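Written out below as structure tokens is the structure these notes cover.
Any read-out appearing in this document is the output of simple, stated calculations on the displayed coordinates, not a laboratory observation. Quantities reported herein were computed from a predicted structural model and do not represent experimental measurements. Note that each Cβ is placed from the backbone with ideal geometry, even for glycine, and that neighbours are counted across all protein chains shown.
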Amino acid sequence: MLKAFGYAAQQSTRRLEPFHFERAEAGAGEIEIEVLFCGVCHSDIHQVKDEWSNTVYPCVPGHEVVGRVRKLGSGAARHRVGDLVGVGCMMDSCRQCAPCKAGEQNYCEGPNSWLATYNGPMVPAEKAPGERNVYGRDNTFGGYSDVLVVPEDFALKIPAGLRPEVAAPILCAGATTYSPLKHWGVKAGQRVGVIGFGGLGDMAAKLAKAMGAQVTIFTRTEAKLAEAKRLGVDAVLGSDLKALAALKASFDLLLSTVPERHDVNPFIPLLKRDCTLVIVGALEPMAPVNQQEVAFHRKSVTGSLIASLAETQEVLDFCAEHRIGPDVQIIGIDEIDEAYDKVERGEVRFRYVIDLASLKAQRE
Ligand code: NDP
Ligand code: ZN
């Protein structure tokens, strides 16, 4: 076994604390990665606080991981020792079901769905940890730690030209917003709206703009209007009903990144006929949708979950090619509590990224 060290939540009500644990050594087709940077996603906070009612404790979060390959398991040949690689939300999938065979591992229909990089079993908390999942693991521990072991095909290549700390948030925030932009075929000249200007919103706006779309950010925070302008995109206060009315039937795609239950009805009239509002933020029951507004113009309100491995590699390469990336603020692991508070208050600009070198000072 490998000795590992990271930060974990021991209960939903507790803050993250230093945590010593063990990982299985890299087996056949797996690689061992020295973790360098890990982004702080709002999902980490939902999970640590058990807001999705499925957290298994101790919980070591982190699914925006960039590190260096340190060791190859037997037969692993996709990466070389010393390569920079990234691991996003998934570290395995069933590999047998139709979505997996079609390369859409993020929609895996296996008995335990895809295996999450942390809190992996995805079974209700009351069943864990006694009940083992089909991957033969009780739980998985993520990137707020010094070392990670994953199947080599679930590690993405970090393209030259992307700094590791900038690449990290692309593995979830970038991938989760790229996938729907691509799936719904965003093209140059189209109009895309992004609701909620946080970590995902920042990437959604930059990616849609790089695809040639005209982008508008809808924010509840006045101070962010100027920050959107700095990105070269329009911005509107979501509460400004007059401004919303002026935008009626003008958008080809809307993407909501708001992290909790919210009312999307004020935004549906902004869609053109046949167009779609994709909710990627909230993963919980939402306020009922005004079916009249949807039916009269054959609009869709739908959702989307992270991204496939191929899309995740694509968005990394796309960001390198277009020289875009998240606005990051680097923190030490000891600053994580304060970072969580700021994310929850909407104060992050726009993604905290943990420098895991800071763990060294913490290790006993
Ligand atoms: P952030 O907290 O960084 O950004 C969310 C933004 O939404 C805030 O900055 C704020 O922007 C706005 N906002 C927050 N609360 C409210 C509210 N109550 N009403 C209206 N607007 C609000 O979060 P992330 O971008 O990291 O993540 C967003 C959500 O996406 C999370 O819930 C996360 O779990 C989820 N997620 C989903 C994935 C999927 O696969 N579907 C994958 C990854 C994340 P502003 O100040 O501009 O209003
Ligand atoms: Zn995430």
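Quick notes on this structure:
- Descending by average beta-carbon neighbour count within 10 Å, the peptides 109-119, 61-71, 328-338 line up as 61-71, 109-119, 328-338, the highest first.
- Prolate/oblate/rounded label for the range 175-303 (Cα gyration tensor, a/c 1.5): rounded
- Extension gain, R70 back to A98 (0.36 nm per residue minus Cα-Cα distance, nm): 6.8 nm
- Pairs from the list K101/K299; K49/K342; K224/K272 with a Cα-Cα gap above 22 Å: K101/K299; K224/K272.
- Listed peptides 264-274, 145-155 by packing density, highest first (mean Cβ within 10 Å): 145-155, 264-274
- Dimensionless Rg/Rh of the chain - Kirkwood Rh, Rg from C-alpha atoms: 0.96
- The modelled label-to-label distance between R80 and D274, using points 7 Å beyond Cα along the C-beta direction, is 5.0 nm.
- Placing pseudo-labels 7 Å out from each Cα toward the beta carbon at K242 and D337 gives an inter-label distance of 4.6 nm.
- Taking 0.36 nm per residue of separation and subtracting the current Cα-Cα distance, fully stretching the chain between T221 and R261 would add 12.6 nm.
- Most simply put, the chain has about 55% antiparallel DSSP beta bridges, counting only bridges with both residues inside it.
- Ranked by the mean number of other Cβ atoms within 10 Å of their residues, highest first, the peptides 191-199, 24-32, 212-220 fall in the order 191-199, 212-220, 24-32.
- A cut-off of 5 Å between modelled amide H atoms, ignoring neighbours fewer than 5 places along the same chain, links Y352 with V40, Q329.
- In this simple spin-label model, placing a label point 7 Å from the Cα along the Cα-to-Cβ direction at both R14 and K229 gives a separation of 4.8 nm.
- Taking the helices alone, the chain has a mean residue ellipticity at 222 nm of -6000 deg cm²/dmol, built from -39,500 (n - 2.57) per DSSP H run of at least 4 residues and averaged over all its residues.
- Placed amide H near L115: partners under 5 Å, 5+ positions off or other chain: M91, D92, S93
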